[in-house]
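K.L.:
Here it is: the structure, laid out below.
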Amino acid sequence: YSHFIIKLPATLKDEPISKKSPVSFGYIPNRNIEFHPQLFYTSYSIDENSDHWRIMHCSVIRSDNNFKTIDTLKTFPDTVYIRRLRVSFSNPDYMYVLAGKGRRTSPKEVWMTEDGGKNWTNITPDNAAAKKYGFPDIAINDEDPEKIYLAVGGFQNEVKLLASKDAGKSWTDDHSVDLPKNEIQIMAFQRGTNEGVYL
């Protein structure tokens with residue numbers, strides 16, 4: 001439950017340097033941190049303000065100096081838990097987050113920004129079945145930041161995968177009937193392919 005920033009030493013005879021992180025990355029931290037595709041000291045993450053049992057609020061933050069300082073891009077309302085953050089490879093001004101009510105429920109909302117976090121829009125699909133099962137993960141095309149793929153949870157194949165070509169303004173089903181009922185946990189877009197998505 002504690003998060004640390006560790007700097008590896010230049011040689012094996014030296015000790016690594018660790019310091020307590022100024023950011024609480026959340027319960028599954030590796031899902032809540034993304035790095036700028038060109039600026040390797042710049043990162044984006046979820047900062048979870050909680051007392052371990054109760055979430056006060058979650059924020060999307062940016063650091064341009066390896067977490068020496070942080071800038072808050074958006075603080076979500078109390079009790080809204082951010083489960084996943086994704087940053088576009090081709091245009092990092094585009095970011096997408098999955099949000100839900102608490103840690104124990106699947107995210108039921110999808111939010112995005114196209115201006116580096118200044119303004120955010122709720123782009124949750126208007127699909128009753130998809131919203132019922134929630135959204136475990138989201139992936140972004142490597143060449144087009146508005147082309148996204150949204151996984152739908154649940155042990156079912158009524159609706160498994162939704163796709164959007166306009167940053168969530170409209171959504172279409174993406175081969176759900178061809179997929180098994182197994183629940184999707186995580187997904188990834190393979191860069192350099194013709195829309196290769198792994199589930």
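K.L.:
Answer yes or no: is there a residue in segment 125-133 that is farther than 14 Å from Tyr44 by Cα and among the hydroxyl-bearing types (Ser, Thr, Tyr).
P.N.:
The initial filter retains those residues of segment 125-133 that are farther than 14 Å from Tyr44 by Cα, namely 125-133.
From the residues that got through so far, the ones that are among the hydroxyl-bearing types (Ser, Thr, Tyr) too are 133.
There is at least one residue in segment 125-133 that is farther than 14 Å from Tyr44 by Cα and among the hydroxyl-bearing types (Ser, Thr, Tyr).
K.L.:
Within segment 181-199, which residues are more than 19 Å from Ser106 (Cβ to Cβ) and not in a strand (DSSP E or B)?
P.N.:
If the condition is that a residue be more than 19 Å from Ser106 (Cβ to Cβ) and not in a strand (DSSP E or B), then Arg191, Gly192, Thr193, Asn194, Glu195 are the ones that fit.
K.L.:
Here's a follow-up. Could you list, in sequence order, all residues of segment 69-103 that are outside any strand (DSSP E or B) and over 21 Å from Phe40 (Cα atoms)?
P.N.:
At the first step, the residues of segment 69-103 found to be outside any strand (DSSP E or B) are 69-70, 76-79, 88-94, 102-103.
Scanning segment 69-103 gives Phe76, Pro77, Asp78, Thr79, Gly102, Arg103.
K.L.:
Given the conditions (1) open to solvent by 50 Å² or more (accessible area, probe 1.4 Å); (2) free of Cβ contacts under 8 Å to residues at least 24 places away in the same chain; (3) within 16 Å of the chain's Cα centre (by Cα), which single one is not true for Ser59?
P.N.:
In the conditions (1) open to solvent by 50 Å² or more (accessible area, probe 1.4 Å); (2) free of Cβ contacts under 8 Å to residues at least 24 places away in the same chain; (3) within 16 Å of the chain's Cα centre (by Cα), Ser59 misses (1) alone.
K.L.:
Identify the residue in segment 4-49 that is open to solvent by 50 Å² or more (accessible area, probe 1.4 Å), among the polar types (S, T, N, Q) and not in a strand (DSSP E or B) and, among all such residues, is farthest from Phe67 (Cα to Cα).
P.N.:
Only one residue tops the list, namely Thr11.
K.L.:
In the set Ser170, Ser106, which member is touching a residue at least 40 places away in the same chain (Cβ under 8 Å), surrounded by fewer than 21 Cβ atoms within 10 Å (Cβ to Cβ) and either in a strand (DSSP E or B) or at negative phi (or both)?
P.N.:
Ser106
K.L.:
With Asn127, Asn157, Asn141, Asn91 as the choices, which residue is of a type outside the set (A, V, I, L, M, F, W, C), under 17 Å from Glu34 (Cα atoms), in contact (Cβ under 8 Å) with a residue 24 or more places away in the chain and surrounded by fewer than 18 Cβ atoms within 10 Å (Cβ to Cβ)? I'd like the intermediate steps shown before the answer.
P.N.:
Details: Asn127 fails: under 17 Å from Glu34 (Cα atoms); Asn157 fails: under 17 Å from Glu34 (Cα atoms); Asn141 fails: surrounded by fewer than 18 Cβ atoms within 10 Å (Cβ to Cβ).
Of the residues listed, the single one that is of a type outside the set (A, V, I, L, M, F, W, C), under 17 Å from Glu34 (Cα atoms), in contact (Cβ under 8 Å) with a residue 24 or more places away in the chain and surrounded by fewer than 18 Cβ atoms within 10 Å (Cβ to Cβ) is Asn91.
K.L.:
For segment 173-185, what are the residues that are of a type in the set (Val, Ile, Thr) and either open to solvent by 80 Å² or more (accessible area, probe 1.4 Å) or in contact with a Ser or Thr (Cβ under 9 Å, 6 or more places away or on another chain) (or both)? Steps first, please.
P.N.:
Residues of segment 173-185 of a type in the set (Val, Ile, Thr): 177, 184.
Of everything in segment 173-185, just one residue is of a type in the set (Val, Ile, Thr) and either open to solvent by 80 Å² or more (accessible area, probe 1.4 Å) or in contact with a Ser or Thr (Cβ under 9 Å, 6 or more places away or on another chain) (or both), namely Val177.
K.L.:
Residue under question is Ala130, and the condition is that it be part of a strand (DSSP E or B), of a type in the set (Gly, Ala, Ser) and more than 14 Å from Gly26 (Cβ to Cβ); does it hold?
P.N.:
Values: part of a strand (DSSP E or B): no; of a type in the set (Gly, Ala, Ser): yes; more than 14 Å from Gly26 (Cβ to Cβ): yes.
Taking the combined requirement at face value, the residue does not satisfy it.
K.L.:
Quick check on this structure: which one of Gly116, Gly153 is part of a loop (DSSP other than H, G, I, E, B), out of contact with any Gly (no Cβ under 6 Å at 6 or more places or on another chain) and either more than 21 Å from Tyr81 (Cα to Cα) or not hydroxyl-bearing (Ser, Thr, Tyr) (or both)?
P.N.:
Values: Gly153 fails: out of contact with any Gly (no Cβ under 6 Å at 6 or more places or on another chain).
Going through Gly116, Gly153 in turn, just one is part of a loop (DSSP other than H, G, I, E, B), out of contact with any Gly (no Cβ under 6 Å at 6 or more places or on another chain) and either more than 21 Å from Tyr81 (Cα to Cα) or not hydroxyl-bearing (Ser, Thr, Tyr) (or both): Gly116.
The values are calculated or read from the model by the stated rules, or taken from the named source; none is laboratory data. Note that the structure is predicted; figures quoted are calculated from it, not measured. As a convention, Cβ positions derive from the backbone with ideal geometry for all residues, glycine included, and neighbour counts pool all protein chains shown. Accessible surface is based on the protein model in full, side chains and every heavy atom, while ligands, DNA and RNA are left aside. Shrake-Rupley method; radii C 1.70, N 1.55, O 1.52, S 1.80 Å.
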